[in-house]
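Shown next, in structure tokens, is the structure this report addresses.
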Amino acid sequence: MELFKPDFGLVFWMFVAFAILFLLLWRKGWPAIMKMIDGRADLIDKGVEYAQQAKEQLDKAQESAEQIIADARRSQADILREAGVMKDQIVEQARQEARAAAQKEMESARVAIAQERKEAEKQFRDQVSAFALDIASKVTRRELADDKAQTQLVNNLLDEIEKTN
Amino acid sequence: MMAAPALRAQEGAVNDKSGDLEQAIADVATVDAITEGVENPEDVAATDTVADVAETKAEAEDKKDDDFNPKDIIFEHLGDGYGWEVPFNHHKRIPLPIIVWASDGLHVFSSSRVEHGAVYRDGDIDFTIAQDGDYKGKLVEIKPDGSVSRPWDISITKNVLAVFITVILVLLCVLPLGSWYKSNGYVAPRGFKGALEALYEFIYVSLIKATLKEQARRFAPYLLTVFMFIFVANLTGLVVVFPGGANLTGNIAVTLVLALITFLITNIFGTKHYWKEILWPDVPLWLKFPLPIMPVIEIFGMFTKPAALTVRLFANMMGGHIIVISLTLIIFIFAKMGVAAMSGATVVSMIFQIFMLLIDVLVSFIQAYVFTMLSTIFISLAQEHGHEEHKKADETQPQVTTTH
């Protein structure tokens, strides 16, 4: 049967044509395509790896950011607490200082008042003694004209002193 | 007006079995000729008319002929031919160059000269296409004593032209992709080029690379070329009209060449281990000496591989073509039984043909893939390095390091 007998002419041309096709594609066609397929596969692999790394880094960054925020919160709370304590301390200190200052003021005021009083007493006493001397001198000047009256006065004064004592 | 050889050719084309019919036609023709001959005074013109009428009648009867031979039609369509059929015309063919090395040297002429069994005299030698005998359907040289011999024939036949067309189509499928990469870098092409790239990637990555590993780049150009050639040839074979319709991969010459190249590549690039496995395999001594039973089997196996490659692609593709042609012929077989039977047969046949052609599209891919896969496997089997060579490599490694 003809179908099972390879025809010489067809074998010849098939070989020639296929050889030309193969040589052309071997030199010009397939290398570029294979290079591209391999290269793109590498590129995609690298891209995937890079993306994974980037994601890992992002996760890490997020984690550290969260950590930082938590730390900040904690320190904020600490600072607030410390500030509270300090405030109390300052207020207390201020209060104490104020109290001390007030005490001091009062003390000095008391001293000053005592001084004033002393001075006032002294002044008063001086004035009283001056008045007394004045009165005495006046009285003495008028009364010494009359002996009887003099005696009377002395007696009266003596009585008075006696009564008071 | 057709000359006498044409009439002879016509008669030759009519099947031998329809001899009675031919006689009837001739009778009709004679009657016609007589009636027309009365009108035509010139005898020469009358004979020409006889020839003409006989021819047209014969043609008409040939088309209506119920006693047709499906086997001949199938094998005519499967086989090669000098000239390419055109649709809707049984007698005109696209002429193709005939190139033969006859007993006195090279002859080149158009296939239209020997159409329908005509004898053509080129130089001193008569050529014709044998109608029967050993060289049926082939161009033969008629010796002076009437015997025929076959010259060295490298004509551009239908299948050879189909090979060229396939080669051009494959080049058009591959080369533009390379230039695309040159101008576009890593950007993936879209559309048809993208589809081609996906196809190449599928074959290259999941078949060739997966099987040949680091040797892939070395053999991939051949394997990819084989794949594309078979795939394109299979698909164009399904297209009914020119430039398709040649049963290329269903021709044993084509598959034989492809399998032979695989065979050559397998054995030329075969490793030492591969040859050792063939000539001195790892089996008990009595299996290889003194009677070399295993080596003989292994050497036999070397040749069964390409034989299997040849036959399975050829048989698969030819089978697909036979089924589709047979389904078409069912219409003509049923045509004898009347219009209703023919209509029914036409509908059923068309449905089955479309179904079969769709399956053949799938088969086109599968067969190209399987041929490539088997070639890859055969080549990879010859690329194996045995355990001993690995061991040797391990042993030599420390020695090298100590000498340094």
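Listing for the model above:
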{"item": "Candidate set from region A:21-59 (those that are more than 7 Å from chain B (Cβ to nearest Cβ) and either crowded, with 18+ Cβ neighbours inside 10 Å or among the β-branched types (V, I, T) (or both)); member that is farthest from the chain's Cα centre (by Cα)", "result": "A:I44"}
{"item": "Residue check, A:V16 more than 7 Å from every other protein chain (Cβ to nearest Cβ) and not in a loop (DSSP other than H, G, I, E, B)", "result": "yes"}
{"item": "Which numbered condition B:G105 fails, given (1) farther than 22 Å from B:L78 by Cα; (2) assigned by TED's automatic domain parsing to the domain that holds B:V240", "result": "(2)"}
{"item": "Condition met for A:V154 (at pLDDT below 75, assigned to a helix (DSSP H, G or I) and either surrounded by 11 or more Cβ atoms within 10 Å (Cβ to Cβ) or in contact with a helix residue (DSSP H, G or I) (Cβ under 6 Å, 6 or more places away or on another chain) (or both))", "result": "no"}
{"item": "Candidate set: region A:1-16, residues that are buried (at least 21 other Cβ atoms within 10 Å of the Cβ) and closer than 17 Å to B:I230 by Cα; chosen: the one nearest to the chain's Cα centre (by Cα)", "result": "A:M14"}
{"item": "B:T225 of a type in the set (S, T, N, Q), part of a loop (DSSP other than H, G, I, E, B) and either within 11 Å of chain A (Cβ to nearest Cβ) or buried (at least 17 other Cβ atoms within 10 Å of the Cβ) (or both)", "result": "no"}
{"item": "Selection count where residues are of a type in the set (A, V, I, L, M, F, W, C), in contact (Cβ under 8 Å) with a residue 40 or more places away in the chain and either surrounded by 16 or more Cβ atoms within 10 Å (Cβ to Cβ) or farther than 24 Å from B:D72 by Cβ (or both), scope region B:104-134", "result": "2"}
{"item": "Test: residue in region A:101-109 that is within 26 Å of the chain's Cα centre (by Cα), small (G, A, S), in a helix (DSSP H, G or I) and at pLDDT 85 or above", "result": "no"}
{"item": "Residue selected from region B:257-281 under the condition surrounded by 22 or more Cβ atoms within 10 Å (Cβ to Cβ) and at the interface with chain A (Cβ under 10 Å from one of its Cβ atoms), by the criterion farthest from A:F22 (Cα to Cα)", "result": "B:V257"}
{"item": "Number of the condition not met by B:D153 [criteria: (1) over 22 Å from the mean Cα position of the chain (by Cα); (2) under 27 Å from B:I230 (Cβ atoms); (3) not small (G, A, S)]", "result": "(1)"}
{"item": "B:L207 being more than 25 Å from the chain's Cα centre (by Cα), more than 30 Å from A:F8 (Cβ to Cβ) and surrounded by fewer than 23 Cβ atoms within 10 Å (Cβ to Cβ)", "result": "yes"}
{"item": "Residue within region B:246-254 that is in the same structural domain as B:L309 (by TED's automatic domain parsing) and more than 25 Å from B:D360 (Cβ to Cβ) present", "result": "no"}
{"item": "Among the candidates B:I351, B:I299, B:I322, residue that is of a type outside the set (D, E), within 14 Å of B:G250 (Cα to Cα) and assigned to a helix (DSSP H, G or I)", "result": "B:I322"}
{"item": "Residues that are touching a strand residue (DSSP E or B) at 6+ places or on another chain (Cβ under 6 Å) and surrounded by fewer than 12 Cβ atoms within 10 Å (Cβ to Cβ), drawn from region B:141-164", "result": "B:S149"}
{"item": "Enumeration of residues in region B:164-220 that are among the hydrophobic types (A, V, I, L, M, F, W, C) and farther than 22 Å from A:L24 by Cα", "result": "B:V187, B:A188, B:L207, B:A210, B:L212"}
{"item": "Residue check, B:A368 under 30 Å from B:V205 (Cβ atoms), surrounded by fewer than 16 Cβ atoms within 10 Å (Cβ to Cβ) and in contact with a helix residue (DSSP H, G or I) (Cβ under 8 Å, 6 or more places away or on another chain)", "result": "no"}
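The values are calculated or read from the model by the stated rules, or taken from the named source; none is laboratory data. Since the structure is predicted, the reported quantities are computational estimates derived from the model, not experimental observations. We place every Cβ from the backbone using ideal geometry, glycine too, and count neighbours over all the protein chains shown.
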